[in-house]
Amino acid sequence: MSTLRFSHVIPYRQYRLHQSDNLSYPVLDVRLIGPGGAEETIALVDSGAAYCLFNGIRARGLGIDISSGPPIELGGLAGGRLTGRLHDIELEILGRRFPCRVVFSDPEPHVSREILGRHSFFEQVQVAFRERHECLYFEPTP
């Protein structure tokens, strides 16, 4: 049997996914670093998401021309569709930097939550969820 070791145990925090929501979720403080700046946000760790997704409004603060990235269409479990643009940035989490290809949403419609997903991010870390204890286990190495 394999044993996984995690250097960080992070309690879930209250995070509103919906207007009436007052539940705790696995979220991390994230610093987005682009060629011309940085921005801080809170992102939901979502093992069901294919990509990291951030509000397109943030791209300008990072020095990114959002329209210069290749387009991508994402779908959600509820069947909704979202168009965005792929860009390479760095994510800083718990003092470590991760180069990632992320999606910035088109400015309209507004993305209400930001997500850390599998493509390029989960490849660089280990994560585990303990729902009963409302804890996220995080290790910044694959």
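The values are calculated or read from the model by the stated rules, or taken from the named source; none is laboratory data. Since the model is a prediction, treat every value here as computed from it, not as a measurement. Heads up, the Cβs are rebuilt from the backbone with ideal geometry, glycines too, and the neighbour counts pull from every protein chain shown.
Okay, here's what the table says:
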| read-out | value |
| --- | --- |
| Single condition ALA78 does not satisfy, out of (1) at pLDDT below 95; (2) out of contact with any Pro (no Cβ under 6 Å at 6 or more places or on another chain); (3) surrounded by 12 or more Cβ atoms within 10 Å (Cβ to Cβ) | (3) |
| Residue in segment 24-40 that is within 29 Å of CYS135 (Cα to Cα), at pLDDT below 95 and either surrounded by fewer than 16 Cβ atoms within 10 Å (Cβ to Cβ) or in contact with a Pro (Cβ under 8 Å, 6 or more places away or on another chain) (or both) present | yes |
| ALA59 vs. criteria modelled with pLDDT of 95 or more, under 16 Å from the mean Cα position of the chain (by Cα) and farther than 24 Å from PHE129 by Cβ | no |
| Residue that is surrounded by 12 or more Cβ atoms within 10 Å (Cβ to Cβ) and in contact with a Cys (Cβ under 7 Å, 6 or more places away or on another chain), where the choices are ILE66, ILE115, ILE57 | ILE115 |
| Segment 18-66, residues that are hydrophobic (A, V, I, L, M, F, W, C) and not in a strand (DSSP E or B) | LEU23, ALA49, ALA50, CYS52, ILE57, ALA59, LEU62, ILE64, ILE66 |
| Sole residue being within 27 Å of HIS8 (Cα to Cα) and modelled with pLDDT under 95, chosen from SER67, SER47 | SER47 |
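Yes/no matrix, rows are residues, columns are (1) closer than 19 Å to VAL27 by Cβ; (2) more than 13 Å from the chain's Cα centre (by Cα):
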| position | (1), (2) |
| --- | --- |
| ALA50 | yes, no |
| PHE54 | yes, no |
| PRO71 | no, yes |
| ILE93 | yes, no |
| SER112 | yes, no |
| GLY117 | yes, no |
| VAL125 | yes, no |
| GLU134 | yes, yes |
